[in-house]
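Below is one structure, written out as structure tokens; comments come after it.
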Amino acid sequence: MHFTINGERHEADPDIRASLLDVLREHLQLTGTKKGCDHGQCGACTVLVNGRRINSCLTLAVMHQDDEIVTIEGLGSPDDLHPLQAAFVAHDGFQCGYCTPGQICSAVGMMDEAKKGWPSHVSDDLSGDVVLEDGEIAERMSGNLCRCSAYPNIRDAIRQVWEGAK
Ligand code: FES
Ligand code: FES
């Protein structure tokens with residue numbers, strides 16, 4: 001199988017039943033994406049597929065051969081942090097850091113959804129511009145759990161990047 005990940009072509013020959021998460025971690029050594037629950041409940045495995053955030057533990061790798069996949073390794077590097085990575089550092093938005101790659105990939109996808117004007121479950125106005133205030137950010141990021149409970153700092157980091165991008 002072939003995959004386009006972070007703009008590069010990769011080849012792998014996994015079991016046809018392998019999840020995208022397992023292929024990323026076990027076959028392609030892209031271990032930035034984390035396995036928390038392996039059941040779609042924690043969000044640690046979130047990656048972007050064609051710009052949309054998905055739980056990579058819940059999808060088969062074979063379904064994504066023609067897709068553009070972006071993992072945390074494709075968003076920034078230690079020498080050149082993505083704005084969200086820099087904001088997480090500035091706001092102490094991680095503690096153990098295990099959930100952080102999924103949180104950041106999810107925040108990238110979430111901000112794109114907000115820019116497109118997609119409402120969330122708690123949006124008052126279903127057709128106007130999205131205002132990413134605390135309640136909206138919390139709701140839109142609710143698929144990503146953080147066992148250290150760095151939530152207020154994660155929320156502040158996301159809001160800073162969102163406000164800087166407007
Ligand atoms: S490992 Fe995929 S949602 Fe938890
Ligand atoms: S920083 Fe530890 S689980 Fe989120």
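Mean sequence separation of contacting Cα pairs (under 8 Å, at least six apart), scaled by the length of the stretch 10-68, corresponds to a relative contact order of 37 percent. Distance from the C-alpha centroid of the stretch 104-127 to that of the stretch 129-162: 11 Å, rounded to the whole angstrom. The apolar share of the surface of the stretch 65-123, taken as the fraction of accessible area on carbon and sulfur atoms (1.4 Å probe, ligands and nucleic acids excluded), comes to 54 percent.
Listed by chain and number, the aspartates and glutamates placed with their C-alpha closer than 15 angstrom to that of Lys116 are Asp125, Asp129, Glu136; residues fewer than eight positions away on the same chain are left out. Both numbers refer to the Cα atoms of the chain; Rg and Dmax are 15.7, 47 Å. In the stretch 1-137, taking the dipole from charged Cβ atoms about the Cα centre, the farthest positive-side position among His91, His27, Cys42 is held by His27.
Under 5 Å from the amide H of Ser19 lie the amide H atoms of Ala61, each residue being 5 or more positions distant or on a separate chain, with H modelled from the backbone and absent for Pro and chain starts. Solvent-accessible surface of the stretch 1-112, averaged per residue with a 1.4 angstrom probe and all protein chains in place: 48 square angstrom. What would the Debye formula give as log10 I(q)/I(0) at q = 0.14, 0.26, 0.33 Å⁻¹ for the alpha-carbon point model of the stretch 74-115, no solvent? Scattering profile of the stretch 74-115, log10 relative to I(0): -0.31, -0.98, -1.24. The phi-based Karplus calculation (6.51 cos²θ - 1.76 cosθ + 1.60; θ = phi - 60°) puts the 3J(HN,Hα) values of the stretch 2-7 at 10, 9, 9, 10, 6, x Hz, whole numbers, x for Gly and Pro. If you sort the three axes of the alpha carbon gyration tensor as a ≥ b ≥ c, you get a/c of 1.5 or more for the stretch 91-166 and a/b above b/c, which makes it prolate.
Mean separation of Cα pairs under 8 Å and 6 or more residues apart, divided by the residue count, gives the chain a relative contact order of 23 percent. Rounded to the nearest Hz, the phi-derived 3J(HN,Hα) couplings of the stretch 27-40 under the Karplus curve 6.51 cos²θ - 1.76 cosθ + 1.60 (θ = phi - 60°) are 9, 10, 6, 8, 8, x, 6, 9, 9, x, 9, 6, 10, x, where x marks glycine and proline.
The values are calculated or read from the model by the stated rules, or taken from the named source; none is laboratory data. Not measured: the values here are computed from a predicted model. No Cβ is skipped: glycine too gets one built from the backbone with ideal geometry, and neighbour counts run over all protein chains shown. Side chains included, ligands, DNA and RNA excluded: accessible areas come from the protein's heavy atoms. Shrake-Rupley method; radii C 1.70, N 1.55, O 1.52, S 1.80 Å.
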